[in-house]
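So the structure is just underneath, and the comments pick up after that.
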């Protein structure tokens, strides 16, 4: 063998090692690039999964805590006027049958009903008490169900007083007098 053959073997061996090192380096760079692309996505998915679990646990905890009732005070509910319903006076004038909008059934004669003083809508006592235990307004017109508070000092009120309250005008015979006595009782 000649020296040129040994030299060429050295170059081929040296070139092969250089090429192998270049290929391995390129492979390592591509692997690092792939890892740098995939790993952050993996971390984001893990964080999102953890956030979802934490959020769901927080929502479950919030829903497990009983929310306080936002209804009308039981003493105010008890103070609302109640009477026995007598539809005969209204039916003679061609008016429609009264319906309890809470239970959606007709209010029949001799049934105990409760009247909301601000809007004069009538309901079954049990139905409106259940409604007012979680709401503070009328289920029909959304008027505040709690009766207005009148000042105890009569000097604060103006000298003009209505002769007949509007509530008494809209009531069947006899109910307005019960309501006005109820209003007098409240003003004491």
Helices (runs of 4 or more DSSP H) enclosed by region 3-121 - at least 1 residues per element that are within 26 Å of residue 131 (Cα to Cα) and at pLDDT 85 or above: 74-79
Selection count where residues are in contact with a helix residue (DSSP H, G or I) (Cβ under 9 Å, 6 or more places away or on another chain) and assigned to a helix (DSSP H, G or I), scope region 122-149: 3
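The values are calculated or read from the model by the stated rules, or taken from the named source; none is laboratory data. Note that the coordinates shown come from a computational prediction; the quantities given were computed from them, not determined experimentally. Neighbour counts are summed over all protein chains in view; Cβ atoms, including those assigned to glycine, are modelled from backbone coordinates with ideal geometry.
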